[in-house]
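Data block below; observations after.
The values are calculated or read from the model by the stated rules, or taken from the named source; none is laboratory data. Everything numeric here is computed off the predicted structure, so don't read it as measured data. Cβ coordinates were reconstructed from backbone atoms using ideal geometry, including for glycine residues, and neighbour counts include every protein chain displayed. Ligands, DNA and RNA are stripped out before the accessible areas are found, and what is left, the full protein with its side chains, is counted by its heavy atoms. Shrake-Rupley method; radii C 1.70, N 1.55, O 1.52, S 1.80 Å.
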Amino acid sequence: AISTGTRGAIHVARIFLLFLRPYLLYDGFAMNLDIERARFNMVEQQIRPWEVLDPKVLDLLHQVKREDFVPEAHRSLAFADLEIPIGLGEVMLAPKLEARMLQEVAVKPTDRILEVGTGSGYMTALLARQGAHVYSVDIIDAFVKIAGDRFAQHGITNVTLETGDAARGWDKHG
C-alpha cells in the first residue's frame, strides 16, 4: 500500500530514486567521460601543436580542472580555443597560450612566484601546483575573492592573494 501525505510522497520518491540510481550514476559517468574527452582533445589538438611538449605541463593540464575556473555562464567553452570572458572586460587566455606560458616559465618546486593579474585563478592554480608559493595580485577585488573561494574548494593553500595595482610596483613579498 502506498501511504498518502508528505511522508508517503517521500517514501515513493525514495523508491523511485533507488530504482533510477544505476541510470543516474551512468549519466554522471557519461558526462565525466565527455569532459575528459574534451580535455584530452584540447591537449592533443590545441596545446601539443603549439609545441607544448613538457610532460609535467601536459599532466598538470589534466590534473587542474580548467572548467572549475571558468564562469558558469561560459563553462561549456572551457576547452575551446578562444579567450573566455570572466567579467569586467577581462578574459581567460586561450588554453594553448596558458600552456605555452607555463612551459616557458619552467617553474621549479622551490620557486616563489609573483603573478600579476589573478583573473579566474586558473593560471594561479597551475603555478601553485608547480612552485613552492604563488603571490598573486589583481586590481579587481571581485576576481581575488572568487579565486580565493576556488582555491579553498580545491585545497590550494600555497597562494597569497592580494588586491592592488601592481603596475605601480609590488615589493611586498620581494
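Values computed for the structure shown
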item	result
Residues of segment 155-174 satisfying the condition of being open to solvent by 50 Å² or more (accessible area, probe 1.4 Å) and out of contact with any helix residue (DSSP H, G or I) (no Cβ under 8 Å at 6 or more places or on another chain)	G155, D165, A167, R168, W170, D171, K172, H173, G174
Where I139 falls short, out of the listed (1) open to solvent by 80 Å² or more (accessible area, probe 1.4 Å); (2) of a type in the set (A, V, I, L, M, F, W, C); (3) free of Cβ contacts under 8 Å to residues at least 24 places away in the same chain	(3)
Residue that is nearest to L161 (Cα to Cα), among those in segment 123-136 that are open to solvent by less than 20 Å² (accessible area, probe 1.4 Å) and in contact with a helix residue (DSSP H, G or I) (Cβ under 9 Å, 6 or more places away or on another chain)	S136
Given (1) touching a residue at least 40 places away in the same chain (Cβ under 8 Å); (2) open to solvent by 50 Å² or more (accessible area, probe 1.4 Å); (3) of a type in the set (G, A, S), index of the condition A152 fails	(1)
Considering residues of segment 97-122 that are open to solvent by 30 Å² or more (accessible area, probe 1.4 Å) and under 16 Å from the mean Cα position of the chain (by Cα) only, the residue farthest from A166 (Cα to Cα)	L97
Unmet requirement for W170, which otherwise passes all of (1) of a type in the set (F, W, Y); (2) over 22 Å from Q46 (Cα atoms); (3) at pLDDT 95 or above	(3)
Sole exception among (1) of a type in the set (G, A, S); (2) surrounded by 14 or more Cβ atoms within 10 Å (Cβ to Cβ); (3) modelled with pLDDT under 95 for G87, by number	(3)
Segment 33-48, subset of a type in the set (K, R) and open to solvent by 90 Å² or more (accessible area, probe 1.4 Å), residue nearest to the chain's Cα centre (by Cα)	R37
